[in-house]
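Peer 1: This is the structure, below, for whatever I ask next.
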Amino acid sequence: MRLHFQEKPWDLAAAVGYTLAMTAGLLAFNTGDVLALLLVLFVPGYVFVAALFPKNIDINWIERIALSFGLSIAIVPLLGFLLNLTPFGIRFTPLVSTIALFTASVGYAAYWRRMKLPTDRRLSLTVDIAVPDWKDYNALDKGLTIAVAGSIVVAVGTLAYVVITPRNGERFTEFYLLGPGGNASGYPTRLNVSEPGTVIIGVVNHEFARANYTVRTDLVGMNVFFNATCNCNQTQEVKRTSLAWLNHTLGDKENWTHRYTFWINASGLWKLELFLYKDAILTAQTLHFFIRVP
């Protein structure tokens, strides 16, 4: 079987088609993939070289491929630098889209330049693929051929396994507390008697599995006393009341926020303490802050 192009630029069609397919996949799943490496390491440089050298006598294929890798490594960081000067910033979606736009645009310029040339001067490539004639091979050649073919099969199988098999990292759960404005500040640390205080409780599941979460909120009365041993003030718990049990089920990568309001009906120093349960088991994750009620 012979693979050949010259009259029509099938290489540019393949490069742009690959770019569009990988871009659609990356944006759909919002994550990187091994199959998209050429989108960064080779294709942008290849279409750029094709636009610069559309003739079949400009440079040979070894130089063309080497330049494609080298220019891709230079072009992608430059696109990221230019993107950083825009309001979009260097984020996954804008960067992938920019690389795709660059490749498609330069690929069209390469197509336009090549098609202006006479057919016999356009870039061409011919690859003959034939089934080896085993009669012409000695025992050593046959063994080496089988070994190389087996190595390729193992390599492709390993790559497919790495791509298909989920890569689970560290399992953990985010448990956080925000002020009423949605920031890590502005907590209601000073309230009047019976004045409502509001905080935002957040849980994010990174456990790679669905989990049932419960948040228990306790109001703890605190007594401040002077410790002569350390010559310092210390606090002591004098009363604890469970205010609420908040339940929610989250799938992997899902998050839950709850706007929680509480009241304190007596003056003094109090502590609002929050405990996290996962699948009905108390975890070591706790949050708290102090409230002064005059």
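Peer 1: Treating the angle as unsigned and between 0 and 90°, give the value, to the nearest 10°, between the Cα long axis of helix 10-29 and the longest Cα principal axis of the chain.
Peer 2: The answer is roughly 10 degrees.
Peer 1: Could you sort the peptides 119-126, 236-243, 38-45, 91-98 by per-residue average Cβ neighbour count (10 Å cutoff), highest mean leading?
Peer 2: 38-45, 91-98, 119-126, 236-243
Peer 1: Let me ask another. In nm, what is the difference between 0.36 nm times the number of residues separating residue 227 and residue 65 and their Cα-Cα distance?
Peer 2: 50.7 nm
Peer 1: Within 10 Å of each candidate Cβ there may be at most 16 other Cβ atoms; applying that plus a DSSP loop requirement, which trypsin sites (Lys or Arg not before Pro) in region 250-288 survive?
Peer 2: 253
Peer 1: Ok, one more. How large is ³J(HN,Hα) for each residue in region 103-111, as worked out from phi by the Karplus curve 6.51 cos²θ - 1.76 cosθ + 1.60 (θ = phi - 60°), to whole Hz, x for Gly and Pro?
Peer 2: Once rounded to whole Hz, the list reads 4, 5, 5, 5, x, 5, 5, 5, 4.
Peer 1: Which residues' amide hydrogens lie under 5 Å from the amide hydrogen of residue 8, considering only partners 5 or more residues apart or on another chain, with H built in the peptide plane?
Peer 2: When sequence neighbours closer than 5 places are left aside, there are no close amide H contacts.
Peer 1: So, one more: As a footprinting exposure proxy, order 262, 48 by other Cβ within 10 Å, with the fewest listed first.
Peer 2: With the fewest neighbours first, 262, 48 line up as 262, 48.
Peer 1: Sticking with this one: So how do 154, 203, 293 line up by other beta-carbon neighbours within 10 Å, fewest first?
Peer 2: Ranking 154, 203, 293 by Cβ neighbours within 10 Å, fewest first, gives 154, 293, 203.
Peer 1: Show me, for region 77-83, the HN-Hα J-couplings you get by feeding each phi into the Karplus relation (A = 6.51, B = -1.76, C = 1.60, θ = phi - 60°), rounded to Hz, glycine and proline as x.
Peer 2: Once θ is set to phi - 60°, the couplings for region 77-83 become x, 5, 4, x, 4, 5, 5 Hz.
Peer 1: According to a simple spin-label model (label point 7 Å from Cα along Cα-to-Cβ), what is the distance in nm between residue 269 and residue 55?
Peer 2: 8.6 nm
Peer 1: Here is a further query. What is the gain in length, in nm to one decimal, between residue 120 and residue 212 on full extension, counting 0.36 nm per residue of separation less the C-alpha to C-alpha distance?
Peer 2: 26.3 nm
Peer 1: A further question follows. Please give the length that would be gained between residue 91 and residue 29 if that part of the chain were fully extended, namely 0.36 nm times their separation in residues minus their C-alpha to C-alpha distance (nm, one decimal).
Peer 2: 20.9 nm
Every number in this text was worked out from the coordinates using simple rules, so none of it is lab data. Keep in mind that this is a model prediction, so the values were computed, not measured. Ideal geometry is used to build each Cβ from the backbone, glycine not excepted, and the neighbour counts take in all protein chains shown.
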